[in-house]
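The values are calculated or read from the model by the stated rules, or taken from the named source; none is laboratory data. Quick caveat: nothing in here was measured; it's all calculated off a predicted structure. Counting neighbours? That spans all protein chains shown, and the Cβs are built from the backbone with ideal geometry, glycine included. Side chains are part of the model used for accessible areas, which takes the heavy atoms of the whole protein and leaves out ligands, DNA and RNA. Shrake-Rupley method; radii C 1.70, N 1.55, O 1.52, S 1.80 Å.
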Amino acid sequence: MSARLNILDRLLSNVVILLMGSLVLVVTWQVATRYLLGSPSSVTEEIARFLLIWIGLLGSAYAYRQKKHLAFDFLLRKQTHSIQRRLEMGIHSVIALFSVIVLVVGGGRLVQLSLELGQHSAALQIPLGVVYLVLPLSGIIITLYAIQFVREAKAGENTLIPESNNGGDEWSG
């Protein structure tokens with residue numbers, strides 16, 4: 001499973017980079033049409049909003065995998081190795097549960113409802129269910145990562161605290 005997740009990591013990284021680059025281009029075009037041409041493009045604001053939603057959710061899945069998410073690990077670092085392992089397994093299990101219930105199930109229902117009601121975006125006229133599809137997609141990805149982290153924690157590997165912190169942003173006290 002780890003090899004497949006490494007492929008998913010690279011794919012997710014490239015998708016987020018592509019979406020971010022697209023967002024920069026779309027916002028640049030919006031500014032150019034507004035100030036240089038005096039007539040703002042009508043679709044760029046909507047595209048930027050949808051790209052930001054996708055970047056936020058897929059980026060959070062990627063950050064979780066890279067252990068760059070917001071974490072309060074001060075108390076975790078003070079525990080014995082066996083308590084750390086149990087806490088890590090519990091934390092990742094709760095994350096998986098949240099991802100399944102809220103993102104996969106809840107997001108899937110939102111996608112289904114949006115498609116059934118025939119909701120379309122105002123400017124682009126694309127089905128909103130397509131935009132909301134990122135909810136269950138990111139939920140599935142986060143759940144896969146959480147399962148892998150639980151397996152690693154069971155094996156005694158540290159899954160919450162990054163192995164090295166070369167950025168110098170760690171507080172030690």
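Structural remarks
- The phi torsions of region 90-100, fed into the Karplus equation with coefficients 6.51, -1.76 and 1.60 and a -60° offset, translate into couplings of x, 4, 5, 5, 5, 4, 4, 4, 4, 4, 5 Hz, rounded to whole numbers, with Gly and Pro shown as x.
- Acute angle (nearest 10 degrees) that the helix 134-154 long axis makes with the longest principal axis of the chain, alpha-carbon atoms: 10 degrees
- Value of Rg to Rh for region 1-159, rounded to two decimals, is 1.09; Kirkwood radius and Rg both from alpha-carbon coordinates.
- The relative contact order of the chain comes to 24 percent, based on Cα pairs under 8 Å that sit 6 or more residues apart.
- Taking amide H as placed 1.01 Å from N in the peptide plane, the amide H of Asn158 sits under 5 Å from none that are at least 5 places away or on another chain.
- Across the options Gly139, Ile17, Ser121, the greatest Cα extent toward the positive end of the charge dipole of the chain (unit charges at beta carbon of Lys, Arg, Asp, Glu) belongs to Gly139.
- Think of a 1.4 Å ball rolled over the protein heavy atoms: the chain then has 62 Å² of accessible area per residue.
- Signed unit charges on C-beta, dipole axis of the chain, positive-most listed residue Gln112, Ala153, Gly59: Ala153
- For His120, the residues whose modelled amide H falls within less than 5 Å of its own, excluding neighbours fewer than 5 places apart on the same chain, are Leu128.
- Shape category assigned to region 1-43 from the gyration tensor of Cα positions, a/c cut at 1.5: prolate
- Karplus 3J(HN,Hα) series, Hz, for region 46-55 with 6.51 cos²θ - 1.76 cosθ + 1.60 (x for Gly, Pro): 5, 4, 4, 5, 5, 5, 5, 4, 5, 4
- Assigned charges on the beta-carbon of Lys, Arg, Asp, Glu; the chain dipole about Cα centre (debye): 320 debye
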